[in-house]
């Protein structure tokens, strides 16, 4: 039988014991290849929990690579990650987190706490420091998870800087090239809107999210946006105290078609 | 001189006897393939017997808790490393048992200066389609048998194990409901721990029903369901008797 990992339940220790590396940290001496990047992702508290949404475009320079990327990733049954930055690094980080959280849960027979999950993401960002400094592997994700130390479990949102600093947000968080545009709108809505995002129903929150992405796409060519005419919608997940729900394209179309203004 | 062949054979035979003696009194465990998933059942006195290994894989075993733990951990390590370096779809029970667990159990059993594993277990792999599931009955000496449907029982006495398995095979079919399957399995569990005779002299159904209910009084019935219909990657769902309306 294999020996115990140096730190019980730690998947990265298991990989290290088998001389496998989860992230690439080599220093490059000259300019690297053109990276696929740019995004608009955000999360905010609404009446039932947290909604996390993102556009589906990936770009490389001025080229659109695809409009079918899912940037909101279900890490486990109580955690969501919104990735912004270089997909090659960000998707690998998501995969490391997915395996790590499930590995811990199965091997230790208990869930990893929310603070530990938040720090696990920070640890990956810190280990990506050399790529971040070189400017070719920058990732600035958002994380939403359930705090199960309270009853009922409470959804919370965290945002990171590319070096791994993490902060909890009380209302909303945004990331990606289109985030500047919608951050102002979300802040305005939070202060003067009726309803405020935190008071919105699911239908209102989904409609608000889709309109935010449409606005971001108007000002940021690297954000794919939403176009009901071509059945192009966003990736939207909802985190409630009971777990995660996927808001499908069909549901998004239905909520958007209901012609009641969000505010 | 342990190098002499006849002494080695004698030592291995002694170990077999020793392991079987140590496993006597262990609480039997079972797994059944149903239409929508695989049901696993164990009855313990505080130590867990049923475990999730990976997205579509689970284990149920009896024996020394430390040995079950070592095997469980080894299987989880191997499955997650495989899933991360290749893909979750590449994790297979056939490879996990055939190339990992079985050789190690055999090695420990036959290396007479090593402690043998005091375990008997069943490992389960859920497939997307009915009929392609896999149940592996893994023994303490590393030998194992594969089965793609029906019921598998692991008990400390091989004759009783075979008889209980045959009895359950005749009662549990893919269309059997979870509740019915659990009811039959608990009746078989009670007959095994009480050393009841199988065949025509088996206690009546009311006797078996009241028997398992009184026998599990101070114990924990552990149930797990590998769900074929779940949309999530992790198909393992713990169940309780109250979930099924059996208490």
Across 5 Å bins beginning at 0, the whole-percent shares of Cα-Cα pair distances in the stretch A:59-178 come to 2, 11, 21, 24, 19, 13, 6, 3, 1, 0
Ranked highest first by the average count of other Cβ atoms within 10 Å around their residues, in what order do B:51-59, A:143-151 fall?
-> B:51-59, A:143-151
Report, to the nearest 10°, how far helix A:202-219 tilts away from the longest principal axis of the Cα atoms in chain A, using its own Cα long axis and a range of 0 to 90°.
-> 90
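Just checking the output field for B:68-81: average partner chain Cβ neighbours within 10 Å of each residue's Cβ?
Numbers: counts 0, 1, 3, 1, 4, 9, 3, 3, 8, 11, 2, 3, 10, 9.
For peptide B:68-81, the averaged partner shielding equals 5.
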Using the C-alpha atoms of chain A, what convex hull volume per residue, in cubic angstrom, is computed?
-> 133
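What area, in nm² and to one decimal, does the C-alpha convex hull of the stretch A:145-192 cast on average over all directions? It would help to have the intermediate numbers written out before the result.
Details: hull surface 17.9 nm².
With every direction weighted equally, the projected area is 4.5 nm².
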Is the shape of the stretch A:56-107 rounded, prolate or oblate, going by the alpha carbon gyration tensor and its root eigenvalues a ≥ b ≥ c, with a/c under 1.5 for rounded and a/b larger than b/c for prolate?
-> prolate
Express the C-alpha Rg of the stretch A:154-263 as a ratio against the empirical globular expectation 2.2 N^0.38 Å, rounded to two decimals.
-> 1.09
Using only Cα atoms, tell me the angle between helix A:87-108 and the longest principal axis of chain A; keep it within 0 to 90° and round to the nearest 10.
-> 70
Using a basic spin-label model with each label point 7 Å from the Cα along Cα→Cβ, how many nm lie between residue B:47 and residue B:90?
-> 3.5
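Could you sort the peptides A:42-55, A:192-205 by per-residue average Cβ neighbour count (10 Å cutoff), highest mean leading? Present the calculation step by step, with values, prior to reporting the outcome.
Values: A:42-55: 25.1, A:192-205: 17.0.
With the highest mean Cβ count within 10 Å placed first, the list reads A:42-55, A:192-205.
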If you take the Cα atoms of chain B, find Rg, then find the Kirkwood Rh from the mean of 1/r over all pairs, what is Rg/Rh?
-> 0.98
Give the share of C-alpha pairs in each 10 angstrom bin for the protein assembly as shown, from 0 to the last occupied bin, in whole percents, shortest bins first.
-> 4, 17, 23, 21, 16, 11, 6, 2, 0
Under a Gaussian network model of chain A whose springs join Cα atoms within less than 10 Å, the largest fluctuation of A:39, A:215, A:174 belongs to A:215
With Cα atoms, 0 to 90° folded angle of helix A:114-127 axis to chain A main axis = 70
How would you rank A:209, A:175, going from fewest to most other Cβ atoms within 10 Å of each one's own Cβ?
-> A:175, A:209
Using the alpha-carbon centroid of each, what span in Å lies between the stretch B:19-68 and the stretch B:113-128?
-> 9
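Between residue A:20 and residue A:203, what is the FRET efficiency for a Förster distance of 56 Å, r being their Cβ-Cβ separation, to the nearest 0.05?
Numbers: r = 45 Å, r/R0 = 0.81.
Taking R0 as 56 Å, the efficiency between residue A:20 and residue A:203 is 0.80.
Express the relative contact order of the stretch B:1-157 as a whole percentage, based on alpha carbon pairs under 8 Å and six or more residues apart in sequence. Before the final figure, lay out the partial values.
Values: 279 pairs, mean separation 42.5, N = 157.
Here the relative contact order equals 27 percent.
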Classify the stretch B:1-107: rounded, prolate or oblate, from the alpha-carbon gyration tensor (a ≥ b ≥ c, eigenvalue square roots; a/c under 1.5 rounded; otherwise prolate if a/b is larger than b/c)?
-> oblate
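A short reminder: the numbers here are calculations on the coordinates, not readings from a lab. Quantities reported herein were computed from a predicted structural model and do not represent experimental measurements. Every residue, glycine among them, receives a Cβ derived from its backbone with ideal geometry; neighbour counts consider all protein chains shown.
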